[in-house]
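The structure under discussion appears below in the form of structure tokens.
Bear in mind these aren't lab numbers, they're just calculated from the coordinates by the rules spelled out. The structure presented is a predicted model; accordingly, all values stated were derived computationally and were not measured. Neighbour counts are summed over all protein chains in view; Cβ atoms, including those assigned to glycine, are modelled from backbone coordinates with ideal geometry.
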């Protein structure tokens with residue numbers, strides 16, 4: 001496989017990206033254009049960014065193998081949108097085996113084939129669903145939300161609620177507490193049990 005660009009590799013994270021000690025590996029590229037994107041580097045040119053094949057990344061991250069094994073941790077693929085590189089994640093999991101847990105943080109606004117491809121190899125999913133209101137989602141991300149919600153339904157049926165955590169932000173200037181309550185209600189009705197509701201901090 002050819003190498004792909006990453007906007008950053010952040011080691012020794014605890015309590016933010018899944019189980020145990022994790023390394024966040026953030027891919028370049030995203031289908032959304034969120035107004036308060038935290039990682040705008042993923043939307044800019046990939047020129048100058050470090051690039052890895054799955055084998056190169058595995059060898060680089062193996063320095064923390066003992067931490068991963070001792071804590072049940074591993075690698076969280078984020079971005080950007082990691083499921084634009086589902087084939088990379090599948091090949092990486094073949095290299096690291098069962099001893100490293102793989103977490104994916106995704107908007108799920110990708111073709112469903114990309115979600116299906118990683119179901120057998122990903123231990124935990126963190127889903128940035130944003131909003132259930134179609135107009136708010138479109139205004140904030142620049143995209144439609146139907147595919148993300150369809151993929152969440154599929155993912156729930158494929159892996160069950162225990163392996164999914166959904167994040168619901170209160171975004172200044174875009175939604176209200178009443179809006180987030182409606183989103184949480186929709187998720188709960190769907191069968192999602194692990195919901196992280198929080199106020200999004202902007203630099204405004």
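Data for the structure
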| quantity | calculated |
| --- | --- |
| Residue check, residue 47 assigned to a loop (DSSP other than H, G, I, E, B), exposed (fewer than 15 other Cβ atoms within 10 Å of the Cβ) and more than 16 Å from the chain's Cα centre (by Cα) | yes |
| Verdict on residue 18 being within 21 Å of residue 141 (Cβ to Cβ), touching a residue at least 24 places away in the same chain (Cβ under 8 Å) and surrounded by 14 or more Cβ atoms within 10 Å (Cβ to Cβ) | no |
| Condition check for residue 89: loosely packed, with under 15 Cβ neighbours inside 10 Å, touching a strand residue (DSSP E or B) at 6+ places or on another chain (Cβ under 9 Å) and not in a loop (DSSP other than H, G, I, E, B) | no |
| Condition check for residue 62: farther than 24 Å from residue 112 by Cβ and in a loop (DSSP other than H, G, I, E, B) | no |
| Top-ranked residue in segment 178-204 [being touching a strand residue (DSSP E or B) at 6+ places or on another chain (Cβ under 6 Å) and closer than 13 Å to residue 156 by Cβ; ranked as surrounded by the most Cβ atoms within 10 Å (Cβ to Cβ)] | 187 |
| Test: residue in segment 74-83 that is more than 11 Å from the chain's Cα centre (by Cα) and over 17 Å from residue 144 (Cβ atoms) | yes |
| Number of positions in segment 103-121 that are surrounded by fewer than 23 Cβ atoms within 10 Å (Cβ to Cβ), without any contact (Cβ under 8 Å) to a residue 40 or more places away in the chain and not in a helix (DSSP H, G or I) | 3 |
| Hey, residue 153 surrounded by fewer than 17 Cβ atoms within 10 Å (Cβ to Cβ), farther than 22 Å from residue 19 by Cβ, out of contact with any helix residue (DSSP H, G or I) (no Cβ under 6 Å at 6 or more places or on another chain) and in contact (Cβ under 8 Å) with a residue 12 or more places away in the chain or not | yes |
| Residue count for segment 9-24, restricted to those that are under 26 Å from residue 171 (Cβ atoms), under 14 Å from the mean Cα position of the chain (by Cα) and assigned to a strand (DSSP E or B) | 2 |
| Filter result (farther than 19 Å from residue 181 by Cα and either assigned to a helix (DSSP H, G or I) or in contact with a helix residue (DSSP H, G or I) (Cβ under 7 Å, 6 or more places away or on another chain) (or both)) within segment 124-145 | 124, 125, 141, 144 |
| Long-range neighbours under 8 Å by Cβ, at least six apart or interchain, first residue without any contact (Cβ under 8 Å) to a residue 12 or more places away in the chain within segment 27-54, second in a loop (DSSP other than H, G, I, E, B) and surrounded by 16 or more Cβ atoms within 10 Å (Cβ to Cβ) | 37/30 |
